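Just dropping this structure here.
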Amino acid sequence: MVAEDNLLVRQGIVGLLDVEPDIEVVAKVSNLDELLDAVADHAPDMVLTDVRMPPGHSDEGVRAAAALRQSHPEMGVVLLSQYDDPRYAMRVFHGGVARRGFLLKDNVAAPEQLVTAIRTVASGGSSIDPVVVESMLGARSAAADSPLARLTPREREVLAEMASGRNNGAIADALFLTVRAVERHINSIFSKLTLAGEADYHRRVRAVLLFLAES
């Protein structure tokens, strides 16, 4: 289900998804009330929603994601935002990262990014735009006492990739490293950030996001 108040953007998204053989758009809505009604009527596997929609043009998509976590815990939600404000992302992932995604609209011009995020979230994973991760890292490292200052430049790159939801193999490919080297960097990151090493995908992303959100 696609929730977006801008008609051209909504139709563009639907056009991108219609060509994918494993994705069927069952509803198109333009505001929060229509979103909740369509969920009740169609029970979609996935909801792709704008962050800001009528009636208030504030945080309707974020509130919808929170409500659906309670009413439909198995339903995936990917939010599209025009802003890289990490506060929106942290609210989306509050309570767990499974079946949640957060992408910037400017970065979904390439269809594969949007489609990959939808498939990842639908399968129980999570996806967060690397630009948002960089905003979190920048805000966090600006503090004089931030433990992020202990990280090497390469460890910061690995952390950004890790927080965006990539597994070790994908991080290795993205940064042209071996998987073993990535594992060493991750162990060092968790040690420097005083986070316990954890192989579980969701727990690892949650730990990083919670740390980045700490004020």
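The values are calculated or read from the model by the stated rules, or taken from the named source; none is laboratory data. Computed from a predicted model, the values in this text were never measured in an experiment. Positions of Cβ are backbone-derived with ideal geometry, glycine not excepted, and every protein chain shown enters the neighbour counts.
Which residues, counting only those in the range 25-58, are surrounded by fewer than 16 Cβ atoms within 10 Å (Cβ to Cβ) and under 21 Å from the mean Cα position of the chain (by Cα)?
As a first pass, look at the range 25-58 and keep what is surrounded by fewer than 16 Cβ atoms within 10 Å (Cβ to Cβ): 26, 33, 37, 40-43, 54-58.
Listed by number, the residues that qualify are His57, Ser58.
So if I check each of Arg100, Arg69, Arg63, Arg154, which one is modelled with pLDDT of 85 or more, surrounded by 13 or more Cβ atoms within 10 Å (Cβ to Cβ) and not assigned by TED's automatic domain parsing to the domain that holds Ile13?
Details: Arg100 fails: not assigned by TED's automatic domain parsing to the domain that holds Ile13; Arg69 fails: not assigned by TED's automatic domain parsing to the domain that holds Ile13; Arg63 fails: not assigned by TED's automatic domain parsing to the domain that holds Ile13.
Within the list Arg100, Arg69, Arg63, Arg154, the selection yields Arg154.
I've got another one for you. Could you list, in sequence order, all residues of the range 27-69 that are of a type in the set (Gly, Ala, Ser) and over 21 Å from Val121 (Cα atoms)? Working first, answer last.
Applying the first criterion (of a type in the set (Gly, Ala, Ser)) to the range 27-69 yields 27, 30, 38, 40, 43, 56, 58, 61, 64-67.
Passing the criteria: Ser30, Gly56, Ser58.
On to the next question. Does Ala89 satisfy being part of a loop (DSSP other than H, G, I, E, B), at pLDDT below 95 and either buried (at least 17 other Cβ atoms within 10 Å of the Cβ) or of a type in the set (A, V, I, L, M, F, W, C) (or both)? Full working, then the answer.
Details: part of a loop (DSSP other than H, G, I, E, B): no; at pLDDT below 95: yes; either buried (at least 17 other Cβ atoms within 10 Å of the Cβ) or of a type in the set (A, V, I, L, M, F, W, C) (or both): yes.
Answer is no for this residue.
Which residue is modelled with the highest pLDDT, if the candidates are limited to the range 171-215 and must be under 16 Å from the mean Cα position of the chain (by Cα) and over 17 Å from Glu134 (Cα atoms)?
If we take residues in the range 171-215 being under 16 Å from the mean Cα position of the chain (by Cα) and over 17 Å from Glu134 (Cα atoms), then Arg204 is modelled with the highest pLDDT.
Let me ask something else about it. Does Leu48 fit the bill of being of a type outside the set (Gly, Ala, Ser) and closer than 16 Å to Val115 by Cα?
Numbers: of a type outside the set (Gly, Ala, Ser): yes; closer than 16 Å to Val115 by Cα: yes.
When the stated conditions are applied, Leu48 passes them.
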